[in-house]
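Quick notes on the structure that follows.
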Amino acid sequence: MAEIQIKGVAKRFGAFTALHQIDLTIADQEFMVLLGASGCGKTTLLRIVAGLETPSQGEVWIGGRRVDHLPPRKRGIAMVFQNYAVFPHLTVYENIAFGLRMQKQPQSEIDQRVRRTAEMMHIEQLLERYSGQLSGGQRQRVAVARALAMEPDVILMDEPLSNLDALLRLEMRAELKGVLADSKTTAIYVTHDQVEAMSLADRIAVMHQGRIVQAAPPVEVYRNPAARFVGSFIGNPPMNFLPAKKLGADQFIVAGSAIKGPNASGDIEFAIRPEDMAIGPGGIPATVRVVEPLGAHTLVTTDVDGKIFRAVLDSNIEASCGDILSLVPRADRIRWFDPQSTSAIQ
Amino acid sequence: MRSTKALPYFLLAPATVFLCVFFLYPFVLVAIDAFTKGGAVTLDNFRTMTSNWKFPETLRNTMLLAAIVVPIQLVMALSMATIVSKLSAGRSAILYIFAIPLGLSDLAAGLIWLTIFEQSGFLNSWLVSLGLIDKPIMFLGYQNKLVIFIAVVLAEVWRATAIMMVILVAGMGLIPKEYHEAAEVFGASPWKRFIKVTLPLLKPSLQTALILRVILAFEVFAVVAALAGTQFPVLMGETYHWQFTLQDRGVAAAFAMLILVISIAFTLLLLYLLRVPKEARL
């Protein structure tokens with residue numbers, strides 16, 4: 001059992017506040033992804049859980065034990081670093097055995113665990129090599145094997161795939177997911193890559209400017225962004241936003257047509273994902289700017305009232321620059337945001 | 001294309017020629033001096049050198065001094081470098097202060113310590129003014145060989161630890177922080193991190209620092225001359241003595257060759273002991 005509780009954690013570097021009052025609970029065996037752009041505080045939060053950084057305030061609990069005053073080695077964690085940090089002066093075998101040797105495990109146990117994790121990561125033929133003789137992908141595998149060999153309660157990963165090329169990243173992603181599910185550890189995984197986050201996470205915590213904006217399962221984060229930032233950050237292409245002028249009780253004018261919306265006191269913002277629209281009568285008039293056929297779909301970038309508005313349409317559409325399309329949003333996929341607080345309106 | 005390839009060699013040529021003319025050529029002359037007498041090839045100079053009554057003591061003193069000074073300096077330089085590397089502010093100020101003795105010639109360093117230890121020196125005047133002793137003690141007299149030795153060790157440590165530290169600080173700066181963090185996360189205590197991660201990754205810098213220091217230790221001369229005069233003979237001092245006092249270039253050259261051989265032997269030993277296989281490099 002290793003539930004992680006982050007209670008009111010804040011981190012300040014001089015006058016700069018990297019994290020504001022973070023509260024987050026990660027369930028036992030849950031795979032939590034911290035997702036955000038660089039500088040949002042996700043790595044700082046991970047390092048605070050690891051014990052490599054001390055919080056300015058707040059508490060960190062792992063498995064029912066308060067750990068924020070403990071050094072990393074007493075927290076029952078293992079970590080995979082962004083640059084792998086595979087020790088260059090040790091062989092792959094000794095790298096994987098490093099933590100076990102520090103725990104003074106008997107040699108037979110060390111040997112068994114090193115060989116088992118090496119096999120799991122498909123590096124059993126590399127055990128006698130040095131880091132300098134490995135490719136990036138192999139080093140990555142060693143770093144993961146080293147963490148798994150510890151059989152930790154918690155495994156922390158700091159952008160572990162960001163230094164791999166695209167194809168290898170895809171392969172490692174799937175492999176990581178399988179290996180970690182089998183290992184039954186609680187995982188925190190930091191990334192700026194939303195596809196990685198979506199594919200790996202049980203839950204995604206989207207971070208922005210030192211705050212967690214939303215922590216929810218991937219589909220929930222995608223479908224029901226809790227804030228405008230989440231909608232604009234997740235999804236490629238991102239969500240479209242248009243101003244919605246209040247007309248009546250729950251009626252709003254969006255790009256010249258009346259749409260039923262939530263009960264709000266004033267003007268709000270209308271949002272729709274590019275793939276949630278189809279061409280039809282009485283839709284939003286959109287002037288085509290760029291047409292990009294992507295095979296399965298065609299991405300059409302249009303102009304609605306001077307704002308960029310993208311639609312992912314069926315690839316058989318025939319549109320060219322300057323055409324005016326009538327884009328009809330799927331009613332159940334329309335989302336609304338408060339322009340002041342930027343949070344979603346139900 | 002051809003000219004750009006040749007350019008580096010062309011630019012290095014003057015320095016190479018300079019070294020050949022003013023280093024290699026005199027070196028060959030010294031070697032000839034050492035191995036000849038009256039035009040004939042002989043080992044007489046080496047026989048004279050080794051059969052001299054002072055020779056065993058000279059060799060022992062030099063070795064002992066190196067064996068004591070270098071480890072003390074290594075430990076001090078490592079500790080100081082570790083502390084300096086951890087500093088976030090004031091790091092360069094401290095480096096400059098530590099580096100002050102580097103700016104002094106070794107004779108000046110010897111003289112500074114002489115003013116402390118001599119009969120009318122600082123140490124005696126403090127001890128007298130504090131009432132701990134009645135009259136000044138002759139610390140560096142021939143009866144006090146141990147004190148002389150300690151004074152030389154102190155002066156050498158004071159003078160040349162900084163050079164090792166500067167090299168080690170630079171070396172530590174080259175080790176990525178992530179290795180220490182990984183070691184920390186995987187259960188290594190600060191001491192284990194130092195032994196298992198810092199030291200092995202610091203090998204190339206340790207090698208440079210130790211080779212430099214060991215060679216300098218075998219060449220110790222002016223500090224000893226200032227503090228001990230002839231009370232504590234060392235190899236370099238004897239070289240000087242044979243060359244200028246006894247006017248025997250051949251034996252002086254033999255001493256020089258001996259120092260060279262010892263230096264080369266220890267350099268090779270250090271290169272071997274602290275070697276890092278190519279694949280295990282940082």
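Take the Cα radius of gyration of the stretch A:46-121 and divide it by 2.2 N^0.38 Å, N being the number of residues; the result is 1.30.
Local charge for B:G250 was computed over the other residues whose Cβ lies under 15 Å away, with Lys and Arg +1 and Asp and Glu -1, and equals -1. The residue list A:I155, A:S135, A:A174 was ranked by how far each Cα lies along the charge dipole of the stretch A:131-180 toward its positive end, using unit charges on Cβ atoms, and A:S135 comes out on top. Once you order the gyration tensor axes a ≥ b ≥ c over the Cα atoms, which shape class does chain A get: rounded for a/c under 1.5, otherwise prolate or oblate by comparing a/b with b/c? The shape class here is prolate. Cross-link reach is defined here as a Cα-Cα straight distance under 12 Å, omitting same-chain residues fewer than 8 places apart; for A:K11 the aspartates and glutamates meeting it are A:E53, A:E59. Here the calculated FRET efficiency for B:E57 and B:L271, from their Cβ-Cβ distance with R0 = 35 Å, stands at 0.70, rounded to the nearest 0.05. Rounded if a/c is under 1.5, else prolate if a/b beats b/c, else oblate: with a ≥ b ≥ c from the C-alpha gyration tensor eigenvalues square-rooted, which is the protein assembly as shown? Here the protein assembly as shown falls in the prolate category. Every Cα-Cα pair in the stretch B:13-118 was counted, and those over 21 Å apart are 69% of them.
Consider all pairwise Cα distances in the stretch A:45-88 and report the whole-number % of them above 13 Å.
Percentage above 13 Å: 55.
What FRET efficiency comes out for the pair B:N144/A:R101, r = Cβ-Cβ distance, R0 = 51 Å, nearest 0.05? Calculated value: 0.55.
Could you give the dipole magnitude of the protein assembly as shown about its Cα centre, charging the beta-carbon of Lys and Arg +1 and that of Asp and Glu -1, in debye to the nearest 20?
Details: 58 positive and 52 negative charges, 223 e Å.
The calculation lands at about 1080 debye.
Rounded to the nearest Hz, the phi-derived 3J(HN,Hα) couplings of the stretch A:172-187 under the Karplus curve 6.51 cos²θ - 1.76 cosθ + 1.60 (θ = phi - 60°) are 5, 4, 5, 5, 4, 4, x, 4, 6, 5, 5, 6, 6, 9, 7, 10, where x marks glycine and proline.
In this label model, B:A31 and B:L212 are separated by 2.7 nm, measuring between points 7 Å along each Cα→Cβ vector.
If you take the Cα atoms of chain B, find Rg, then find the Kirkwood Rh from the mean of 1/r over all pairs, what is Rg/Rh?
A ratio of 1.05.
When DSSP assigns beta bridges and you keep just the ones with both residues in chain A, what percent turn out antiparallel, to the nearest 5? Intermediate results must be reported in sequence, preceding the final value.
Values: 60 of 78 bridges.
If we restrict to bridges inside chain A, about 75 percent are antiparallel.
Would you mind classifying the stretch B:127-166 by shape? Square roots of the alpha carbon gyration tensor eigenvalues, ordered a ≥ b ≥ c; an a/c under 1.5 is rounded, otherwise it is prolate if a/b is larger than b/c and oblate if not. Since a/c reaches 1.5 but b/c is at least a/b, the shape of the stretch B:127-166 is classed as oblate. At 1.4 Å probe size, with the rest of the protein present, what percent of the exposed accessible area of the protein assembly as shown is carbon and sulfur atoms? Within the protein assembly as shown, the accessible surface is 61 percent carbon and sulfur. Label sites at B:W158 and B:R249, each approximated as a point 7 angstrom past Cα along Cα to Cβ, lie 3.8 nm apart. Taking every residue in A:72-85 and counting other chain Cβ atoms within 10 Å of its Cβ, the average works out to 4.
Residues of the stretch B:184-219 falling in the label zone of A:E109, defined by backbone nitrogen less than 18 Å from a point 7 Å along Cα to beta-carbon, are B:186-189. Between the alpha-carbon centres of the stretch B:217-245 and the stretch B:20-68 there is a gap of 14 Å.
Exceedance of the 22 Å cut-off in Cα-Cα distance is limited, within the set A:K74/B:K177; B:K192/B:K278; B:K5/B:K278; A:K246/A:K307; A:K7/A:K177; A:K74/B:K192, to B:K192/B:K278; B:K5/B:K278; A:K7/A:K177. What is the Cα centroid distance between the stretch A:31-73 and the stretch A:320-345, reported in whole angstrom? Computed from Cα coordinates, the inter-centre distance equals 37 Å. Annotation: amide H-H contacts under 5 Å for A:Q21 (H modelled 1.01 Å from N, sequence separation of 5 or more, or interchain): A:A10, A:K11.
Between B:I195 and A:C321, the simple label model (points 7 Å from Cα in the Cβ direction) yields a spacing of 7.1 nm.
Might you tell me the accessible area per residue for the stretch A:1-96, computed with a 1.4 Å probe and given in Å²?
Details: 3530 Å² over 96 residues.
In whole numbers, the stretch A:1-96 has 37 Å² accessible per residue.
Taking only Cα atoms, what is the 0 to 90° angle, nearest 10, from helix A:92-102's long axis to the longest principal axis of chain A? Tilt relative to chain A: about 80 degrees. Span-like helix criteria (full DSSP H runs; alpha carbon extent of at least 20 Å along the helix axis; mean Kyte-Doolittle hydropathy of at least -0.5) are satisfied in chain B by B:2-19, B:55-86, B:145-173, B:199-218, B:249-273. Summed over qualifying helices (DSSP H, 4 residues or more, each -39500 (n - 2.57)) and divided by its residue number, the protein assembly as shown shows a 222 nm mean residue ellipticity of -14000 deg cm²/dmol. Annotation: average projected area of the stretch B:133-213 is 8.4 square nanometres, based on the convex hull of Cα atoms across all directions. Between the stretch B:103-154 and the stretch B:159-200, the alpha-carbon centres lie 37 Å apart.
Using protein heavy atoms only (no ligands, DNA or RNA), what is the total accessible area buried between B and A, 1.4 Å probe, nearest 100 Å²? If you can, show how the numbers build up before the last one.
Numbers: alone 17060 and 16040 Å², together 30970 Å².
Interface area, both chains combined: 2100 Å², rounded to the nearest 100.
Ranking A:L168, B:L227 by solvent-accessible area of protein heavy atoms (1.4 Å probe, all protein chains present), from largest to smallest, gives A:L168, B:L227.
Expressed to the nearest 5 percent, the antiparallel share of DSSP beta bridges inside the protein assembly as shown is 80 percent.
The values are calculated or read from the model by the stated rules, or taken from the named source; none is laboratory data. Computed from a prediction, not measured in an experiment: that's the story for all the values here. With ideal geometry, Cβ positions are generated from the backbone for all residues, glycine too; neighbour counts draw on all protein chains shown. SASA here: full protein model, heavy atoms, side chains in, ligands and nucleic acids out. Shrake-Rupley method; radii C 1.70, N 1.55, O 1.52, S 1.80 Å.
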